[in-house]
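In what follows, a single structure is set out as structure tokens and then discussed.
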Amino acid sequence: TRGLALSPEEVAFLTERTEGWIAGLQLAALSLQNQEDVHRFVLAFRGSHAFVLDYLTDEVLSQQSPSIQEFLLKTSILTRLNGSLANAVIEREDGKTLLEQVRQANLFLIPLDQERRWYRYHQLFADLLRVRLEETHPELVPTLYQRTIAWYKQQGLLEEAIESALAGRLFEDVADLLEQRIQTMRSYRDMVAIWHWMKALPDEVTYRRPRLCMIAAWSLLLSGQGEHIPPYLQAVLAAVETSTQETFKREMLGHVMALQAVQARYGGDSSDAIALSLRALEYLAEGYLFTRSVLYMNLGYVYLHSGKIEEADHTFKQALQVVHESGNPYLVLTIRCNQAKLLAARGQLRLATDTYQQVLEVSIEGRGRGLPEEASAYIGLGEIRREWNALHPALEVLTRGLELANLIGEMGTLSTGYMTLARVKYAQGETEQAFEVLRQAEQRVHIPLYSAQLAACRVRLWIAQREVARATAWGRTCGLTPQDQPSYQREWEYLTLVRLLLVQHRADETIALLRRLLSMADIGKRTGSMIEILMLQALAYQALGQTQQALFQLTQALQLAEAQGYARLFLDEGPSLAALLHEAATQQIVPEYVQTLLAQFPDTTAPSSVQSFPLPPLLLEPLSERERTVLRFVAAGLSNQETAAQLSITTGAVKKHLSNIYSKLGVSSRTMALARARELDLL
């Protein structure tokens, strides 16, 4: 009505700030008149603006009795309040009565629950009250916050106490509370929350608290900001140097070594990572369940990425024992994800898929609280679906996994996700998007081990495009040669080097290197790697004109790959591998599997009888056990009412389950749901 030229976003923001209060919108409009920077004013709009302040002061606050005014001002620091908390803050016994009087007077008090136990003030009214409190009783503000903190601690509401201490800028209290919070830390998500609060602390406060410094160092390491770690570790070691308490010194040194063990793994130094992990476990032999579980997981990672599958398997089982002691279901899910990676390395793609699906089912039923586990599971599923040439389903889970991985900033998960996504995009013919994904990854991932893998991934795409000159430039600077004794940690790069040598017509230089790589994979029982190496040996012998030897190597690769449905491993090699598969087909080598593969090459006409690989359910979110039960009753022809009776739940609950089922299956009716469920073998 005042003809203000506001964007829809600005109108929406003002509506949110005023919480739909029409007089508040009118006052905002008055305040906006004659403003030069309207957008900036809108974003800064508060109850402290002149028109709002004057109106609420004159028309609302000044009309109240002195006792109500005092109550309103003192409780204005609270983001929510009830009678007991109000009593603690104002140090009176009639807080509940005064709160009821405020409610009956309609003084901008909003109930937060149906029982009307908890309330909050309207944002603009709360702004006014805090301004008046600072003006009239500034010396009282810290005391009011301290009373609030004490009440929350008494109630066991530690996180609310931390938020109150931050709001009151009581930084020493914040640090005390965070040290208490560390003692109950059970997951990576807890660490992220503590670090979020810590970032509001002045450095001089944090540096005096070695346990907080360790949380800062861990958080920076896991989010790829390792260059900012040294001041925190220096503060920890300085505290150890001056301390006379042996228990404290041992604890801090154990935590420092644990961090250094993970740093060593990120830097590709497996021997240091193992030695430091084992020493840290000696220092933290009792208690410290979270850090010990991290150390066992770190050891498992190192063994896995060193190709020592049996050692990795044993270590992950040790990690599970420690985690079960701590009663932390989310770390269990993290370890289960690592066990799925181990299964995939062994070439057991179907078992790995089942494990990832189980992790997602438990994590999603926990309302998303297992964020790191979800990210890792989605991306692990994406890797396997890409391998099965199920590109669109792979894209779905990779997109979701990367969204979550970017939230937590875990570099290993991010790197794997981006590489897999780039390869999916390339396989879909979206070449520019594939290189753009890698560019984004390189901006986001700064750990040398993962950066080297991303660079090698780009080279593989160049080789597929026959951009040999670009790939050759990488070959000159990567630091690898065919004469090396390769490590499993750099296996991806060495197999990229082999592909480069093949397109450079230097196949003879690859034979010895591939034999060394195959021996390592065989000793480590890494069937997935063995399949790829055998296939590359076949291509090398083919290039050397040794067709029968090539077919012998290819036969071994196909026999290992068939049961698990490997596809992209062969398809990505393009025409040279297709030609070898055609030769295998003429000699009836693994005939059904070879025909299935040939049918998927873009330039190959498939016989009408060829079937694609049978895939397990390709659901972005798996059905819960209860949803599966409801689906079975639907398949049996039971009505909603009959299903409710069978499960002892309400009809409304059945409808809710059906709605979730339809959403997950991507359908809109019972008939479509049953058809989709049968297609996915869910019944």
Answer residue from the stretch 83-132, given it is of a type in the set (Asp, Glu) and in contact with a helix residue (DSSP H, G or I) (Cβ under 9 Å, 6 or more places away or on another chain) and is least open to solvent (accessible area, probe 1.4 Å) among those: 127
Would you tally the residues in the stretch 409-442 being open to solvent by 30 Å² or more (accessible area, probe 1.4 Å) and in a helix (DSSP H, G or I)? 13
So residue 676, is it of a type outside the set (Asp, Glu), assigned to a helix (DSSP H, G or I), touching a Leu at 6+ places or on another chain (Cβ under 7 Å) and at pLDDT 80 or above: no
Among the residues of the stretch 361-378, are any in contact (Cβ under 8 Å) with a residue 40 or more places away in the chain, polar (S, T, N, Q) and surrounded by 21 or more Cβ atoms within 10 Å (Cβ to Cβ)? yes
So which pairs qualify, if the first residue must be in the stretch 462-487 and open to solvent by less than 50 Å² (accessible area, probe 1.4 Å), the second must be in a helix (DSSP H, G or I) and charged (D, E, K, R), the Cβ gap must be under 7 Å, and the two must be at least 6 apart or on different chains? 462/470; 463/499; 478/493; 480/493; 482/509; 486/516
Identify all residues within the stretch 173-194 that are under 22 Å from residue 240 (Cα atoms) and either polar (S, T, N, Q) or open to solvent by 40 Å² or more (accessible area, probe 1.4 Å) (or both); write none if there are none. 176, 179, 180, 183
Would the stretch 146-156 turn up any residue that is among the basic types (Lys, Arg) and over 24 Å from residue 19 (Cβ atoms)? yes
Can you tell me which residues in the stretch 159-172 are open to solvent by 50 Å² or more (accessible area, probe 1.4 Å) and on the phi < 0 side of the Ramachandran plot? 159, 160, 163, 167, 172
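Every residue, every condition in (1) in contact with a helix residue (DSSP H, G or I) (Cβ under 9 Å, 6 or more places away or on another chain); (2) crowded, with 23+ Cβ neighbours inside 10 Å; (3) closer than 26 Å to residue 602 by Cα; (4) not acidic (Asp, Glu), yes or no:
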{"site": "511", "(1), (2), (3), (4)": "yes, no, no, yes"}
{"site": "523", "(1), (2), (3), (4)": "no, no, no, yes"}
{"site": "552", "(1), (2), (3), (4)": "yes, no, yes, yes"}
{"site": "560", "(1), (2), (3), (4)": "yes, no, yes, yes"}
{"site": "563", "(1), (2), (3), (4)": "yes, no, yes, yes"}
{"site": "572", "(1), (2), (3), (4)": "yes, no, yes, no"}
{"site": "575", "(1), (2), (3), (4)": "no, no, yes, yes"}
Pairs needed: first member in the stretch 265-279, over 20 Å from residue 251 (Cα atoms); second member anywhere, not in a helix (DSSP H, G or I); C-beta distance under 7 Å; at least 6 residues apart or different chains. 266/447; 270/306
Residue 200 being more than 21 Å from residue 80 (Cα to Cα), among the aliphatic types (A, V, I, L, M), open to solvent by 30 Å² or more (accessible area, probe 1.4 Å) and without any contact (Cβ under 8 Å) to a residue 40 or more places away in the chain: yes
For the stretch 443-459, give me each residue that is buried (at least 16 other Cβ atoms within 10 Å of the Cβ), assigned to a helix (DSSP H, G or I) and under 19 Å from the mean Cα position of the chain (by Cα). 444, 450
Among the residues of the stretch 316-332, is there at least one that is modelled with pLDDT of 90 or more, buried (at least 18 other Cβ atoms within 10 Å of the Cβ), assigned to a loop (DSSP other than H, G, I, E, B) and over 14 Å from the mean Cα position of the chain (by Cα)? no
Taking the conditions exactly as written (surrounded by fewer than 16 Cβ atoms within 10 Å (Cβ to Cβ) and not hydrophobic (A, V, I, L, M, F, W, C)), does residue 154 satisfy them or not? yes
Within the stretch 610-622, does at least one residue satisfy the condition of being polar (S, T, N, Q), modelled with pLDDT of 75 or more and either surrounded by fewer than 16 Cβ atoms within 10 Å (Cβ to Cβ) or under 26 Å from residue 363 (Cα atoms) (or both)? no
Return the only residue of 234, 183 being free of Cβ contacts under 8 Å to residues at least 12 places away in the same chain, within 27 Å of residue 404 (Cα to Cα) and of a type in the set (S, T, N, Q). 183
Among the numbered criteria (1) of a type outside the set (Ser, Thr, Tyr); (2) over 21 Å from residue 211 (Cα atoms); (3) open to solvent by less than 40 Å² (accessible area, probe 1.4 Å); (4) part of a helix (DSSP H, G or I), which one does residue 268 miss? (4)
Return the total of residues in the stretch 586-599 being in a helix (DSSP H, G or I) and surrounded by fewer than 15 Cβ atoms within 10 Å (Cβ to Cβ). 3
Check on residue 259, within 28 Å of residue 450 (Cβ to Cβ), in contact with a Leu (Cβ under 9 Å, 6 or more places away or on another chain), part of a helix (DSSP H, G or I) and open to solvent by 10 Å² or more (accessible area, probe 1.4 Å): no
Being open to solvent by 20 Å² or more (accessible area, probe 1.4 Å) and more than 29 Å from residue 445 (Cα to Cα) is the filter here; which residues of the stretch 214-250 pass it? 238, 239, 241, 242, 243, 244, 245, 246, 247, 248, 249, 250
Apart from one, (1) within 37 Å of the chain's Cα centre (by Cα); (2) touching a residue at least 24 places away in the same chain (Cβ under 8 Å); (3) more than 22 Å from residue 154 (Cα to Cα) all hold for residue 117; the odd one out is (3)
When residues of the stretch 290-315 are limited to those that are modelled with pLDDT under 80 and touching a helix residue (DSSP H, G or I) at 6+ places or on another chain (Cβ under 6 Å), the one most open to solvent (accessible area, probe 1.4 Å): 305
Residues located in the stretch 271-289, provided they are part of a helix (DSSP H, G or I) and surrounded by fewer than 23 Cβ atoms within 10 Å (Cβ to Cβ): 271, 272, 274, 275, 278, 279, 281, 282, 283, 289
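The values are calculated or read from the model by the stated rules, or taken from the named source; none is laboratory data. Fair warning: this is a prediction, and the values are worked out from it, not measured in the lab. Neighbour counts run over all protein chains shown; Cβ positions are idealised from the backbone, glycine included. The area values use the complete protein model at the heavy-atom level, side chains included, leaving out ligands, DNA and RNA. Shrake-Rupley method; radii C 1.70, N 1.55, O 1.52, S 1.80 Å.
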